[in-house]
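What follows is a short report on a single structure.
The values are calculated or read from the model by the stated rules, or taken from the named source; none is laboratory data. Worth saying up front: this structure is predicted, and the values here are computed from it rather than measured. No Cβ is skipped: glycine too gets one built from the backbone with ideal geometry, and neighbour counts run over all protein chains shown. Ligands, DNA and RNA are excluded from the accessible area calculation, which covers all protein heavy atoms including side chains. Shrake-Rupley method; radii C 1.70, N 1.55, O 1.52, S 1.80 Å.
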Amino acid sequence: MQVATQKRFYTPEEYLELEEKAEFKSEYCDGEIIPMTGGTTNHNKIAGNFYAYLKYALRRQKYEIYIADVRLWIPRYRQYTYPDVMLIQGEPVYTGTNTTTVMNPSLIVEVLSKSTKNYDQGDKFLYYRSIPEFQEYILIDQYEYRVMQYGKTTNSQWLFTELEGEDASLSLQTVSLQISLVELYEQVNFNESSDNE
């Protein structure tokens, strides 16, 4: 005999209250709370490298750059998520009374893992596209030299560019930055890649 269990749905306010006290981060998906998986050292190195090059390239300019711990609220889809890297032109637009959740990134970067790559390339990209300021999406494979870049065109279409191999270079569309994949993957050991993430 099977016993049906009822799925619990949470309001955004309940999620934020639980998240404030939680030992581990979770994302919020229209009523559901989804625990986040832990990242690998390669994941961390790639996100850190991207952040460092972007931060250096945009020093003394009116941009805010955030990495991993700043939450993003997507009101149209009732989503709270933690992108690996976000860039905001000008001042951040916060939701709520604190400075932990923003709403207006122009660039979002996700380092792909085996457990999240389909979500990052599918539904999550759909959610991100509802943000009016959002102009560019970078997906970085942590298992090989491979980057997918989506840039919003003037007529609101998305142009896809795929970069592969250590000789390739990524040129951002939203800001002036070109980074070689060798620099982006600096100190990444592909032999350490794990199937667990």
Taking the conditions exactly as written (touching a Pro at 6+ places or on another chain (Cβ under 7 Å) and touching a residue at least 12 places away in the same chain (Cβ under 8 Å)), does TYR77 satisfy them or not? no
Please specify each residue of the range 161-176 satisfying the condition of being under 18 Å from the mean Cα position of the chain (by Cα) and closer than 20 Å to GLU133 by Cβ. LEU172, GLN173, THR174, VAL175
With GLU23, GLU27, GLU110, GLU14 as the choices, which residue is out of contact with any strand residue (DSSP E or B) (no Cβ under 9 Å at 6 or more places or on another chain) and either of a type outside the set (Ser, Thr, Tyr) or open to solvent by less than 70 Å² (accessible area, probe 1.4 Å) (or both)? GLU23
Of the listed residues (SER115, SER130), the one being surrounded by fewer than 18 Cβ atoms within 10 Å (Cβ to Cβ), among the polar types (S, T, N, Q), in contact with a Pro (Cβ under 9 Å, 6 or more places away or on another chain) and closer than 21 Å to CYS29 by Cα is SER130
Hey, any hits in the range 2-10 for a residue that's open to solvent by less than 50 Å² (accessible area, probe 1.4 Å) and either touching a strand residue (DSSP E or B) at 6+ places or on another chain (Cβ under 7 Å) or not in a loop (DSSP other than H, G, I, E, B) (or both)? no
Regarding TYR128, is this residue in contact (Cβ under 8 Å) with a residue 24 or more places away in the chain, under 13 Å from the mean Cα position of the chain (by Cα) and closer than 26 Å to TYR56 by Cα? yes
Return the pairs, sorted by first residue and then second, in which the second residue is not in a loop (DSSP other than H, G, I, E, B), the first residue lies in the range 104-119 and is basic (Lys, Arg), the beta carbons are less than 9 Å apart, and the residues are 6+ apart or on different chains. LYS117/GLU110; LYS117/LEU139; LYS117/ASP141
Restricting to the range 60-88, count the residues that are open to solvent by 50 Å² or more (accessible area, probe 1.4 Å) and within 13 Å of LEU16 (Cα to Cα). 1
Please tell me if VAL93 is of a type in the set (A, V, I, L, M, F, W, C) and open to solvent by 40 Å² or more (accessible area, probe 1.4 Å). yes
List every residue pair whose Cβ atoms lie under 9 Å apart, where the two residues are 6 or more positions apart in sequence or sit on different chains, the first residue falls within the range 135-156 and is farther than 15 Å from LYS124 by Cβ, and the second residue, located anywhere, is small (Gly, Ala, Ser) and in a strand (DSSP E or B). GLN135/GLY151; GLN149/SER171
Taking the range 145-197 and the residues there that are of a type in the set (Asp, Glu) and surrounded by 13 or more Cβ atoms within 10 Å (Cβ to Cβ), the one that is nearest to THR41 (Cα to Cα) would be GLU197
